Amino acid sequence: MACTSAIALSLPVALSAQALPKPGSSLSRLPSQEQTSLKAGNAVVNGDNGRYSGRVLVTAPIDTIWKVLTDYNRFKDFLPGVVSSRILETSGNQTVFEQVNSVKVFLFTQKSRLVVAASNQYPKQIDFRLKEGDIKSLNGVWKLEPISPSQVLVTQEVTFDPGDLVPRGLAFNIYKNALADSLKAIKKETERRVAQR
């Protein structure tokens, strides 16, 4: 069972203010309960049956968040459930990386291997899709939207099909929880890096 988490890619480019969306626009469109939860530092995940949207509000420059989302070789150091991760190839704004996840299912530990192709549009979004692996399909996008000069709304929209690895209902529940945990871990790692400057 895969717990796909951060998905990202190549080298950051100089940040262009013209490339950024209008600050705060995405947050204000969300239901007030979600806004309150995000402002309190929580991750919010909506959806079911393999279609999810997860968000977290991160207090950090957008460039630092981008570096965390594209730190493929170190995912195992800060993302829960990731036991190994490495870049397989990079070409222009395309990166292919391998990620091995481990998750407890009842009394058993289930490992899964994914090879993911990612395509970036720095600093706004990272599109990703499964190339091969132990699940049937995975497609999605990371979006980074500035809310203020010091806060960014990080969103992952994803469609996930576990195939026959574990019962589908269980797989969907595990994935939804893993997405929330990954968002919290990304926030924590990003803010840790900012504090160390």
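Laboratory data are not the source of any read-out in this text; all were calculated from the coordinates shown. Since the model is a prediction, treat every value here as computed from it, not as a measurement. A quick note on method: Cβ atoms are made from the backbone with ideal geometry, for glycine too, and the neighbour counts reach across all protein chains shown.
What to note about this one:
- Ordering 65-74, 80-89, 136-145 by mean Cβ neighbour count within 10 Å, with the highest value first, yields 65-74, 136-145, 80-89.
- Centre separation in Å (Cα based) which lies between region 129-197 and region 80-94: 15 Å
- Contact order for region 39-197, expressed relative to its length and based on alpha carbon pairs under 8 Å spaced 6+ residues apart, stands at 28 percent.
- Pairs spanning more than 21 Å between alpha-carbon atoms, out of LYS67/LYS176; LYS104/LYS187; LYS111/LYS188; LYS143/LYS176; LYS104/LYS188: LYS67/LYS176; LYS104/LYS187; LYS111/LYS188; LYS104/LYS188.
- From the C-alpha gyration tensor of region 17-195, square roots of 5λ in Å: 26, 19, 15
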